[in-house]
Every structure is written in C-alpha cells, then in structure tokens.
C-alpha cells in the first residue's frame with residue numbers, strides 16, 4: 001500500500017492526510033480545449049481602445065502630456081507592449097528597468113527588452129525565480145535575457161519581488177526624463193486577456209522619482225524605503241496603510257462622513273483585520289470586494305457592523321487591488337500589487353501607487369461603483385459562510401464585468 005509506505009517513511013499519522021482528486025494542477029483548466037460545444041464558451045469581446053492613446057502615434061509623447069489608465073482585459077494590453085517596443089527603438093532612450101513575476105510562454109515583453117539591449121540601451125530586468133508554478137519558465141527567460149546582454153537581477157534574499165513596475169529613461173534637452181508603467185497585474189499578455197487589472201502610464205515626477213530610488217535599491221539588493229509618494233512593502237506598507245486608516249477614524253470621530261472602499265484578491269493578515277475592526281467601531285463605513293480568501297467577519301453588531309464584504313466571481317478573474325479613502329471629501333485612490341496578506345505586507349517587495357490624475361480617479365471610482373452595484377455575479381460574504389448572491393434594491397440587473405465593458409466603450 002503506497003499510502004501506508006509513505007506514512008511510515010515520513011513518520012506521519014493518517015490524520016495528516018487531506019483527500020484530493022487525481023488532478024491537482026487546476027490552472028491547466030484555463031486552457032482546456034473546446035470538445036464540440038461552442039455554446040458553453042463565453043462570447044469573446046474585442047479589446048477596447050483607450051481614449052487618447054493611439055498605436056499610430058508616439059506613446060511616449062502622449063504620456064509626457066498626461067497619465068493614461070489601461071483596464072485589461074476590457075482594454076488592450078498591447079499599449080504596454082507598444083510602449084516598450086517604442087522605447088527599444090527610440091534613439092533618445094538610454095535605460096529600461098522592469099520587474100517581472102509571471103511571463104507569457106512566448107513573451108512579447110521579453111522580446112522587446114532583448115531588442116532594446118541589441119539597440120544599445122541599458123536594460124535591467126528583475127526576474128522573480130520563485131514565482132509559484134512559473135519557476136521553470138522564469139529560469140528560461142532569465143537565461144535568454146542574459147545571453148542577449150540584459151542585466152538580470154534575481155531579487156533580494158528572503159523576499160519575493162511581486163511588484164509590477166517599469167521605468168524608461170530618455171534624454172531630453174540634455175537631461176534624463178522618466179516614463180513609467182505601474183500595474184496591479186503581471187506584464188503578461190496571456191493572463192491580461194483573462195485577469196481584470198489596472199495599469200497606469202505616467203511621466204509624473206512624484207512617481208518616477210520614487211521609481212528611480214526603487215530600482216536603485218533593487219540593483220543593490222536592498223529593500224526600498226523612505227519613499228515620498230509610492231507605498232512599498234515590506235518596510236513602508238503597513239505604517240502607510242495604518243496612517244490612512246487612522247485618518248478615517250479621526251474624521252469619523254468629528255462626526256463627518258468617513259469611509260473606505262477596498263478591493264483585493266485575499267484578506268488574511270490578522271493585524272490588518274484588527275485595524276479594520278477598529279475603524280468600523282470608530283464609525284468608519286467600510287466596503288470590501290474580495291475575490292478569494294476572507295478571514296474578516298463582517299456585519300457583527302458592536303464589532304464589525306460597519307463593514308460589508310462582497311465577492312465577484314465571473315468570466316474574468318478579478319485581480320486588481322484598489323484602495324479608496326474618503327479623506328474628508330478629498331478622496332485618495334491607490335492601486336497596488338499587494339493584497340492584505342502577511343506575505344504581501346511583510347515578505348514581498350510590493351508597490352502601491354496613487355492615482356493622481358482627476359479623470360483617471362473618476363474612471364476607477366466609476367468602475368468600483370459598478371462592481372459594488374453588481375446584483376448578478378456578486379455574493380455576500382458573511383459569518384455564516386452561506387455566500388448568497390448579493391441583492392440590491394435596484395430593478396435593473398447589474399453584471400459588473402459586462403457593464404464595465406459597456407462603460408469603457
């Protein structure tokens with residue numbers, strides 16, 4: 001008996017075993033072939049253009065004038081690829097720095113970086129070799145990059161680099177000017193077609209100055225810290241988020257409206273959960289959208305009665321992390337690569353970034369409002385673990401992923 005043999009050799013008890021099915025690599029189901037029932041497939045919607053961006057114009061010149069938000073998969077991930085391809089052939093570009101966590105099998109991102117190196121650009125790419133399930137793929141691409149002359153970094157001892165950041169340095173009028181892409185999702189054109197994420201293209205100096213400092217730290221193998229605009233784990237995230245929550249608690253105690261809207265993949269960090277309970281008890285209204293694990297129990301009188309939690313599971317995997325803080329009427333909106341999990345806050349290099357453009361803030365707010373109104377695919381997360389579908393008073397059905405696509409048209 002194989003099970004008995006393994007138990008004996010590993011000195012385990014039967015109570016240590018968890019029954020499972022024969023097949024464990026569930027991620028392969030994403031690519032499961034159609035076996036003759038096209039009616040069981042979701043209708044494929046063409047990726048929408050981003051208002052103001054054009055593949056026929058220089059993206060760098062456009063980004064120099066204003067920030068742009070790309071909400072994949074509703075809008076095209078090709079803008080990010082085009083941004084790197086343009087940087088690779090632009091004679092004024094001197095450097096490209098990027099962190100990658102999960103890459104597509106035949107990554108167009110990597111090909112753009114290799115092309116840049118061949119064109120004489122200084123290219124630095126941090127590849128996280130410990131990305132779960134993608135270790136072999138990342139080892140392959142890191143070897144390819146090194147062969148083509150790209151400087152490959154392998155992270156920081158004891159910490160995974162999970163951030164999704166890219167910085168392009170261009171000489172303009174004899175001075176270095178920086179252009180950046182920051183995202184909640186991976187630089188991966190394959191997953192970008194099924195994961196719902198937000199990316200920002202920007203030349204805002206408040207953001208790019210911090211990114212220069214981050215890449216300088218990563219190249220030295222040390223943790224970034226002491227930044228002015230970006231919120232970076234593991235050093236700055238917890239105190240920065242606590243400060244934002246404390247501000248809402250102070251506002252609530254003055255009798256003014258105080259609120260937070262948080263969207264993430266998982267919510268499991270015990271200290272962060274206790275902080276949210278404190279905020280609820282102080283009168284802060286908290287609405288949370290969490291797709292996966294949620295260890296917070298909402299709606300308990302005298303404890304978490306000001307907290308509501310919903311989960312949206314639909315055609316696309318909800319992967320974006322969004323934080324909205326009321327801030328006394330002057331809303332603050334952050335996007336981030338981190339969940340409220342201890343591993344993200346304390347054991348990984350994560351980058352959270354503010355949305356500084358008024359139009360983009362409104363667009364993200366509108367998207368979040370659509371998700372909060374979902375009464376078709378959203379479920380209520382409660383202490384009973386029943387997870388019933390979320391019902392609203394609205395007579396019109398709202399299915400967030402369909403309505404967001406319509407909104408962005």
Next item on the list: May I ask you to list the residues in region 115-128 that are surrounded by 17 or more Cβ atoms within 10 Å (Cβ to Cβ) and either modelled with pLDDT under 95 or touching a strand residue (DSSP E or B) at 6+ places or on another chain (Cβ under 8 Å) (or both)?
Entry: 116, 117, 121, 123, 124, 125, 126, 127, 128
Next item on the list: Give 263, 256, 225 a once-over and let me know the one that is modelled with pLDDT under 95 and either assigned to a loop (DSSP other than H, G, I, E, B) or in contact with a strand residue (DSSP E or B) (Cβ under 6 Å, 6 or more places away or on another chain) (or both).
Entry: 225
Check: From the list 278, 271, which one is within 24 Å of the chain's Cα centre (by Cα), surrounded by fewer than 21 Cβ atoms within 10 Å (Cβ to Cβ), in a helix (DSSP H, G or I) and in contact (Cβ under 8 Å) with a residue 12 or more places away in the chain?
Finding: 271
Check: Out of 324, 368, which single residue is more than 17 Å from residue 164 (Cβ to Cβ), surrounded by 19 or more Cβ atoms within 10 Å (Cβ to Cβ), modelled with pLDDT of 95 or more and in contact with a helix residue (DSSP H, G or I) (Cβ under 7 Å, 6 or more places away or on another chain)?
Finding: 324
Notebook entry, point to check: Is it fair to say residue 212 is touching a residue at least 40 places away in the same chain (Cβ under 8 Å) and assigned to a helix (DSSP H, G or I)?
Noted result: yes
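The rows are residues; the columns are (1) part of a strand (DSSP E or B); (2) in contact (Cβ under 8 Å) with a residue 12 or more places away in the chain; (3) surrounded by fewer than 21 Cβ atoms within 10 Å (Cβ to Cβ); (4) touching a helix residue (DSSP H, G or I) at 6+ places or on another chain (Cβ under 6 Å).
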| site | (1), (2), (3), (4) |
| --- | --- |
| 103 | no, yes, no, yes |
| 106 | no, no, yes, no |
| 110 | no, yes, no, yes |
| 130 | no, yes, yes, no |
| 139 | no, no, yes, no |
| 179 | yes, yes, no, yes |
| 182 | yes, yes, no, no |
| 196 | yes, yes, no, no |
Note to self: Quick test of your reading of the structure: residue 39 fulfils all but one of (1) in a loop (DSSP other than H, G, I, E, B); (2) outside the structural domain of residue 112 (by TED's automatic domain parsing); (3) without any contact (Cβ under 8 Å) to a residue 40 or more places away in the chain. Name the failing condition by number.
What the structure shows: (1)
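The values are calculated or read from the model by the stated rules, or taken from the named source; none is laboratory data. Quick caveat, the model's predicted, so the values are computed rather than measured. Glycine gets a Cβ as well: all are built from the backbone with ideal geometry, and neighbour counts include every protein chain shown.
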